[in-house]
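The structure appears right after this line, and notes come after that.
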Amino acid sequence: MARQEHAQRLRKAAPIDLQWRYALDVYARPGVAPACLLLQDRLGVDVTVLLHLAYAASTRGNPADEDRLAAADATVRSWRDSVIAPLRAARRAILRDDPATSSLRDRVKDAELQAERHALALLGESLASADPVAAPSQTVSVRCVGAYYARQNGHDPALLDAPEIAAAIGLLERTLP
């Protein structure tokens, strides 16, 4: 019985680990991190949700429609608001170049990254139990994700056409598999 439970846990963990590796790989590509952070800071985009939707679209054919986006956001909203956002705020409040606090800043940054990994695992649980819906060749519309978060955060939708934001969206739409 214990062997069967272990096998079940491994089957559930494998897609989550693959999704984490995907997120790290994509985020490390040229220009992706600054583009994601710009959309996060200016529109309130949850980058973890964006990367999850891109992974689901490219590997399982799950289109990132408004319903899936809203469901993904709802899945991590409480965790994001109560854990990730405070860690991010704390990290940003700690001076980057202060030798007296650099170790503390690094630990807070590591905690923030682990909290984001947990959010991705929460999102990945829905993939572990769902069947693929199409051939894994779908892409995510970063503009739609940006528009969703702009609306959710009370931003003017015209902000999506600001040159800096439009460029970030374009780069991500060309880069995300």
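The values are calculated or read from the model by the stated rules, or taken from the named source; none is laboratory data. Quick caveat: nothing in here was measured; it's all calculated off a predicted structure. Methodologically, a virtual Cβ is constructed for each residue, glycine included, from the backbone with ideal geometry; neighbour enumeration extends over all protein chains shown.
The table below lists the values:
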| item | result |
| --- | --- |
| Hits in the stretch 160-177 - residues which are under 16 Å from G44 (Cα atoms), surrounded by fewer than 16 Cβ atoms within 10 Å (Cβ to Cβ) and not small (G, A, S) | D161, E164 |
| Residue selected from the stretch 71-92 under the condition touching a residue at least 40 places away in the same chain (Cβ under 8 Å) and not β-branched (V, I, T), by the criterion surrounded by the fewest Cβ atoms within 10 Å (Cβ to Cβ) | A71 |
| Checklist (1) closer than 17 Å to R143 by Cα; (2) touching a residue at least 12 places away in the same chain (Cβ under 8 Å) applied to Q40, failing item | (2) |
| Flag if L50 is buried (at least 19 other Cβ atoms within 10 Å of the Cβ) and either under 18 Å from R174 (Cα atoms) or among the small types (G, A, S) (or both) | yes |
| Sole exception among (1) buried (at least 18 other Cβ atoms within 10 Å of the Cβ); (2) among the charged types (D, E, K, R); (3) modelled with pLDDT of 95 or more for R68, by number | (3) |
| Residue in the stretch 93-107 that is surrounded by 15 or more Cβ atoms within 10 Å (Cβ to Cβ) and small (G, A, S) present | no |
